[in-house]
Amino acid sequence: MPEIEARPVLPKMINELITTACPNPSDKQCATLYPTSRWRILEKLSEASVPVTQKDFNIGMHPAYVAGKYLCRRSGTEDIAFMRIYKQVPLSGTELDSSDDRKAQAWKSRDYVELSALKYFTANNFTTTPKLLGYHASTQEETDLVPGGYILYLVWEKVAGDPLDIQKFWNLSRGKRDVVRANLRKAYMDVLKVGYQPVPASPSKIILDMKTGAVKISGFRSAARIPPEMKWKDSYFVMFFLVLDSPKDDEYLPTMAKDVEFGEHGWRW
């Protein structure tokens with residue numbers, strides 16, 4: 001079911017505090033990785049809704065939900081992080097139904113690939129993805145959109161760098177472009193080899209530190225589970241616009257470094 005941009009569902013929540021903690025304190029690894037933390041919301045960054053009709057739900061789709069991304073800070077520190085909030089919303093066309101009818105739609109919990117991926121990367125000390133800093137599963141109050149329906153909060157680190165700017169990349173020297181490509185190859189294969197693939201594959205999934213060329217893969221909200229036997233293909237460079245395979249790409253790149261070279265297939269490196 002496609003996402004749609006609609007009237008905002010989630011509030012801005014500026015200055016609100018959200019607490020995350022290990023759900024099983026007796027699990028020493030969990031308690032160490034996810035200590036109890038309070039996060040103050042600084043800014044709402046985005047929101048996307050995934051509507052589901054009653055007909056869709058009847059044939060096996062998950063309930064409708066909304067996902068919001070926020071910038072936050074760990075209380076008492078200067079640690080900046082991102083927070084995602086997943087919240088069940090009523091099925092399309094039932095938004096104005098009685099609270100009892102909406103309550104009947106409630107799911108107490110739901111698995112999200114973003115949480116499972118970040119938990120895996122963090123527990124296994126990945127250095128090419130952001131770390132999960134905490135999470136908390138809760139349920140909606142009786143006066144909320146779906147009484148008793150789930151709400152999931154997850155917080156991950158804001159790593160050094162910014163989403164890849166293709167124009168800036170193509171103005172780097174060939175040597176620096178090759179460093180970024182090599183780092184992308186390692187980071188992307190780390191993720192593919194354990195069965196996750198960011199979707200869609202866009203430059204925004206690459207967090208690049210322009211000073212060092214370090215690359216991290218982020219953006220697992222819509223990640224796909226894949227067979228973990230994936231092998232590297234240079235077409236992945238094309239997919240992220242780190243190699244150009246068509247003259248049509250030039251319209252997005254008004255300026256370009258002078259040392260661009262043609263390689264196999266006529267691709268530009």
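The values are calculated or read from the model by the stated rules, or taken from the named source; none is laboratory data. Here the structure is a predicted model, which is why all the values come from computation and not from measurement. Reconstructed Cβ throughout: ideal geometry from the backbone, glycine too, with neighbour counts over all protein chains shown. Please note that ligands, DNA and RNA were not included when accessible areas were found on the heavy atoms of the full protein model with its side chains. Shrake-Rupley method; radii C 1.70, N 1.55, O 1.52, S 1.80 Å.
Worth a mention:
- Positive dipole terminus of the chain, leading residue within GLN140, VAL199, MET256 (C-beta point charges): MET256
- Given LYS103/LYS216; LYS69/LYS168; LYS87/LYS131; LYS108/LYS216, the pairs whose alpha carbons are separated by over 29 Å: LYS103/LYS216; LYS108/LYS216
- Centroid-to-centroid, using Cα positions, the stretch 59-76 and the stretch 197-216 are 22 Å apart.
- The stretch 16-157, Rg to Rh (Cα coordinates; Rh as Kirkwood inverse mean 1/r): 1.01
- For the stretch 185-269, applying the loop criterion from DSSP together with a ceiling of 12 other beta carbons within 10 Å to the trypsin sites (Lys or Arg not before Pro) yields LYS211, LYS231, LYS233, LYS258.
- Surface composition of the chain: carbon and sulfur atoms hold 53% of the protein heavy-atom accessible area at a 1.4 Å probe.
- Percent RCO, i.e. relative contact order, over the stretch 65-188, from Cα pairs under 8 Å lying at least 6 residues apart: 26
- Taken over the alpha carbons of the chain as equal point scatterers, the Debye sum produces base-10 log I(q)/I(0) values at 0.10 Å⁻¹ of -0.61.
- Among ASN171, TYR188, LEU154 - extreme Cα towards positive end, dipole of the stretch 138-199, charges at beta-carbon: ASN171
- Against the criterion of solvent-accessible heavy-atom surface with a 1.4 angstrom probe, LEU115, LEU17 sort, most first, into LEU17, LEU115.
- When cysteine pairs in the chain are screened for C-beta atoms closer than 4.7 angstrom, the residues that find no partner are CYS72.
- Rolling a 1.4 angstrom probe over the protein heavy atoms with all chains in place gives the stretch 162-266 an accessible area of 54 Å² per residue.
- With all protein chains modelled, accessible area of PHE121 [1.4 Å, Å²]: 0
- Temperature 37 °C, viscosity 0.692 mPa s: under these conditions the Stokes-Einstein estimate for the stretch 95-149, based on its Kirkwood radius over C-alpha pairs, is 246 µm² per second.
- Exposed GluC sites (Glu not before Pro) absent: longest stretch of the chain, with sites in DSSP loops and at most 11 other Cβ within 10 Å deemed exposed: 143-228
- Tensor-based shape of the stretch 118-233 (alpha-carbon gyration tensor, a/c under 1.5 rounded, otherwise prolate or oblate): prolate
- Computed over the chain, relative contact order equals 14 percent, with contacts defined as Cα pairs under 8 Å that lie 6+ residues apart.
- Note on the stretch 171-231: Cα-only Rg and Dmax are 12.3, 36 Å.
- If you look at the Cα atoms of the stretch 52-131, you get an Rg and a Dmax of 17.0, 48 Å.
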